[in-house]
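> Have a look at the structure that comes next, please.
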Amino acid sequence: MNTLKSTIAAHALFQTMRPEHLALLSEHARQAEFKADDILFREGEPANRLFLIQTGRIELEWRSPGGCSVAAEIVGPGEALGWSWLFPPFTWHFTAEALEPARVIVLDGGYLLATCEKNAEFGYALMKRIAQTV
């Protein structure tokens, strides 16, 4: 098993996933690093990624109707971030900013969505896991 695939398999969200489904997850996955204050994505931009946090902490914030930034949540190692690629209009509802240096695995949301449509068994397994965390 390659390192990226084994790292995905060890993530809490995917620990019991079947090997063939893990292979699909890792097919378009990549590792990324962010410095403190880097923006992973911005509210209103197209949503197309699922992030598996390996190290660091990421703050989610949204703009209130008055235009002020409001902290919503902080996610850290072992957690996942980014579900907006699943649902129309496929835009981020929050802005995600690294509070400290962070290492993440980035899964391609468009690829995952298309693969879920083609492979109902994989789609069901993925959606069950995501639903439990949302």
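The values are calculated or read from the model by the stated rules, or taken from the named source; none is laboratory data. What you are looking at is a predicted structure, and each value in this text was computed from that prediction instead of being measured. Here the Cβ positions follow ideal geometry from the backbone for every residue, glycine too, while neighbour counts run over all protein chains shown. Accessible surface areas use protein heavy atoms only, side chains included; no ligands, DNA or RNA. Shrake-Rupley method; radii C 1.70, N 1.55, O 1.52, S 1.80 Å.
> On average over all directions, what projected area in square nanometres does the stretch 82-127 have, based on the convex hull of its Cα atoms?
Convex hull of Cα atoms, orientation-averaged projection: 4.0 nm².
> Divide by every residue of the chain the summed helix terms, -39500 (n - 2.57) for each DSSP H run of at least 4, and state the resulting mean residue ellipticity at 222 nm, rounded to the nearest 500 deg cm²/dmol.
Rounded to the nearest 500, it is -9000 deg cm²/dmol.
> Suppose we look only past 20 Å in the calculated P(r) of the stretch 53-129. What percent of the Cα-Cα pairs does that tail hold?
Every Cα pair in the stretch 53-129 considered, those over 20 Å come to 44 percent.
> Among DSSP beta bridges whose residues both lie in the chain, state the antiparallel percentage, nearest 5.
Close to 100 percent.
> Based on Cβ point charges of +1 for Lys and Arg and -1 for Asp and Glu, what charge dipole magnitude is obtained for the stretch 13-134 about its Cα centre, in debye rounded to the nearest 20?
The dipole of the stretch 13-134 has a size of about 260 debye.
> On to the next question. With 17 Å as the cut-off, how large is the P(r) tail for the stretch 15-90, expressed as percent of Cα-Cα pairs?
So the portion of pairs separated by more than 17 Å is 57 percent.
> Looking at the chain from every direction and averaging, what is the projected area of its Cα convex hull in nm²?
If I average the Cα hull's projected area over directions, I get 7.8 nm².
> Which sequence of I58, I74 reflects their accessible areas, 1.4 Å probe, from the largest down?
I74, I58
> Return the Rg/Rh ratio of the stretch 46-85 with Cα-based radii and a Kirkwood Rh.
When Rh is taken as the Kirkwood radius, the ratio is 1.04.
> With θ taken as phi - 60° and the coefficients 6.51, -1.76 and 1.60, list the Karplus ³J(HN,Hα) couplings across the stretch 97-105 in order, rounded to whole Hz; mark glycine and proline as x.
Coupling constants for the stretch 97-105: 10, 6, 7, 7, x, 9, 10, 9, 9 Hz.
> Further, regarding this structure: Note the angle between two axes, namely the Cα long axis of helix 120-133 and the longest principal axis of the Cα atoms of the chain, as a number of degrees from 0 to 90, rounded to the nearest 10.
Approximately 40 degrees, to the nearest ten.
> Roughly how tilted is helix 109-118, in degrees to the nearest 10 and between 0 and 90, from the longest Cα axis of the chain?
The angle comes out near 40 degrees.
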